[in-house]
Amino acid sequence: MFAKGQTVISYMEQLAPKHLAEEWDNVGLQLGSLQKEITGVLVALDVNDAVVDEAVAKGCNLIIAHHAIIFRPVKAIQTDTPMGKLYEKLIKNDIAVYISHTNLDVAEGGMNDWMAEALGIVGGAPIKDIHTDQLSKLVVFVPKDHHQKVLDAILNAGAGWIGNYSHCSFNIEGYGTFVPREGSDPYIGEAGKMERAEEIRIETIVPLSVRNKVVQAMLKAHPYEEVAYDLYSMDLKGRSFGLGRVGRLEEPVTLGEFIETVKKGLDVEHVRVVGDLNRKIRKAAVMGGSGAKYYNSAIFKGADVLVTGDIDYHTAQDAHLAGITLIDPGHNAEKIMKVKVAAFMSGKLTEHKYDTTVFASEIGTEPFRFL
């Protein structure tokens, strides 16, 4: 049995929720339809002609990519232009394209965590916070005989996180009253008669990122026809999510030694470097894509070096003057996401016993050649 398109994307959005994307970004379904069975998924950094040909050859009708094929508003699709031809090829082969960009960068267990792990950065925290999860207080009233079932459903869906503590809740016994009206199908009680039921009030914290999931899990586990629950907005801040990662190295190394770690960990042959190769590196920062403008934030977090792509001449000068070393492995270093996303998606589909296959693209999309 093949997974439906919406099912496949629901797994992807567990890894990288769309609401984590920056406001300027264009993420989500960009071309095609998800109202179909997905025979195969190709995970790619970029989408070009060669990647589309690879998808066709491997029987994939969905491409999950990091970089958008549509970023600015499209005023016309002319099939005699390079991008028009690309859109036409995708449409003719019924291949949908879904983009996960800055939301994948920001997500815990996403792009920047993968890059930090590859570089041996320990205890990585965001270089720059860009999103704080909004918190709500969930209160629900449950009959005693279903208390544990509903509580487990709520907490296992992601509610109840306070700092580094999970499954936090408060529970108090009481009784509820209600009169089932005509046409109702009550779990307990009779139509037209006041019912007094022993119930337990459950209170817990719910982050916005999992609120719908928690509510659905609660409703599914609850025995009542009409569930009595409340959601209150809170002034307290939830977890912060951000771009990049900064943390310590297991052992101090020279910049020259760390460069070799970068080249091996990110699978690149060449890097550009700003700084003294003999400088000791104890704390390192990494940001996928173009993160050079955040060098001051990296300095503020105590980083000795920032690893990021697309460093321009003047930013390199300014960073050097400010006292931080830089390593530029290129924007294409984000290709680490292909294998990581493919493994995550394959695991989810296998867990739910779907026959949909997932491939990491083997096509290199680095536009530069180093001579």
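The values are calculated or read from the model by the stated rules, or taken from the named source; none is laboratory data. Values in this document were obtained by computation on a predicted structure and should not be read as measured data. Cβ sites come from the backbone with ideal geometry, for glycine too, and all protein chains shown count toward neighbours. All accessible areas refer to the heavy atoms of the entire protein, side chains included, with ligands and DNA or RNA removed. Shrake-Rupley method; radii C 1.70, N 1.55, O 1.52, S 1.80 Å.
Go through the stretch 159-176 and give me each residue that's free of Cβ contacts under 8 Å to residues at least 24 places away in the same chain, closer than 17 Å to Ser136 by Cα and polar (S, T, N, Q).
Ser166
Could you please give the count of residues in the stretch 132-172 that are hydrophobic (A, V, I, L, M, F, W, C), within 16 Å of Val210 (Cβ to Cβ) and outside any helix (DSSP H, G or I)?
8
Going through Glu257, Glu269 one at a time, which residue ends up being in a helix (DSSP H, G or I) and out of contact with any strand residue (DSSP E or B) (no Cβ under 6 Å at 6 or more places or on another chain)?
Within the list Glu257, Glu269, the selection yields Glu257.
Would you mention how many residues in the stretch 103-121 are part of a helix (DSSP H, G or I) and surrounded by fewer than 24 Cβ atoms within 10 Å (Cβ to Cβ)?
Going through the stretch 103-121 one residue at a time, the tally reaches 4.
What do you reckon, is Glu199 surrounded by 15 or more Cβ atoms within 10 Å (Cβ to Cβ), touching a Pro at 6+ places or on another chain (Cβ under 7 Å), among the acidic types (Asp, Glu) and part of a strand (DSSP E or B)? Before you say what the answer is, go through the steps one by one.
Values: surrounded by 15 or more Cβ atoms within 10 Å (Cβ to Cβ): yes; touching a Pro at 6+ places or on another chain (Cβ under 7 Å): yes; among the acidic types (Asp, Glu): yes; part of a strand (DSSP E or B): yes.
In short, yes.
Could you figure out which of (1) part of a loop (DSSP other than H, G, I, E, B); (2) modelled with pLDDT of 90 or more isn't true of Thr177?
Just one mismatch for Thr177, condition (1).
Determine the pairs where a residue that is over 17 Å from Asn171 (Cβ atoms) and among the aliphatic types (A, V, I, L, M), located within the stretch 223-243, has a partner that is open to solvent by 30 Å² or more (accessible area, probe 1.4 Å) and at pLDDT 95 or above with Cβ atoms under 6 Å apart, the partner being 6 or more residues away or on another chain.
Filtered contacts from the stretch 223-243: Met234/Lys137.
Quick one: would you say Lys128 is open to solvent by 40 Å² or more (accessible area, probe 1.4 Å), charged (D, E, K, R) and over 24 Å from the mean Cα position of the chain (by Cα)?
No, not satisfied.
Exactly one condition in (1) buried (at least 20 other Cβ atoms within 10 Å of the Cβ); (2) touching a Ser or Thr at 6+ places or on another chain (Cβ under 8 Å); (3) among the aliphatic types (A, V, I, L, M) is false for Met234; which is it?
(1)
Checking Trp161 against (1) of a type in the set (A, V, I, L, M, F, W, C); (2) over 20 Å from the mean Cα position of the chain (by Cα); (3) open to solvent by 90 Å² or more (accessible area, probe 1.4 Å), which single condition isn't satisfied?
(2)
So which of Ala319, Ala333 ends up being touching a strand residue (DSSP E or B) at 6+ places or on another chain (Cβ under 9 Å), under 15 Å from Ile259 (Cβ atoms) and small (Gly, Ala, Ser)?
Ala333
Can you name every residue in the stretch 272-300 that is in a loop (DSSP other than H, G, I, E, B) and surrounded by 18 or more Cβ atoms within 10 Å (Cβ to Cβ)?
Within the stretch 272-300, Gly275, Gly291 meet the criteria.
Quick one: count up the residues across the stretch 104-158 that are among the aliphatic types (A, V, I, L, M), farther than 11 Å from Val286 by Cα and in contact (Cβ under 8 Å) with a residue 60 or more places away in the chain.
Taking the stretch 104-158 and keeping what is among the aliphatic types (A, V, I, L, M), we get 104, 106-107, 111, 115-116, 118-119, 121-122, 125, 127, 130, 135, 138-140, 142, 150-151, 153-155, 157.
Okay, now just the ones that are also farther than 11 Å from Val286 by Cα, so 104, 106-107, 122, 130, 135, 138-140, 142, 150-151, 153-155, 157.
Checking which are in contact (Cβ under 8 Å) with a residue 60 or more places away in the chain leaves us with 104, 106-107, 122, 130, 135, 138-140, 142, 150, 153-154, 157.
Qualifying residue count, the stretch 104-158: 14.
Inside the stretch 325-371, can you point out the residues that are under 19 Å from the mean Cα position of the chain (by Cα) and at pLDDT below 95?
none
Take the conditions closer than 11 Å to Ser361 by Cβ, of a type in the set (S, T, N, Q) and open to solvent by 20 Å² or more (accessible area, probe 1.4 Å) and apply them to Asn48. Does it pass?
For Asn48, the condition - closer than 11 Å to Ser361 by Cβ, of a type in the set (S, T, N, Q) and open to solvent by 20 Å² or more (accessible area, probe 1.4 Å) - is met.
Restricting to the stretch 30-79, what's the tally of residues that are of a type in the set (A, V, I, L, M, F, W, C), over 23 Å from Ala333 (Cβ atoms) and assigned to a loop (DSSP other than H, G, I, E, B)?
Of the residues in that region, 6 qualify.
With the structure loaded, tell me whether Gly247 is modelled with pLDDT of 90 or more, open to solvent by less than 40 Å² (accessible area, probe 1.4 Å) and in a strand (DSSP E or B) or whether it fails that test.
Yes.
Give the stretch 250-271 a look and list any residue that's of a type in the set (Val, Ile, Thr) and either free of Cβ contacts under 8 Å to residues at least 40 places away in the same chain or open to solvent by 30 Å² or more (accessible area, probe 1.4 Å) (or both), or say none.
Val253, Thr254, Thr261, Val271
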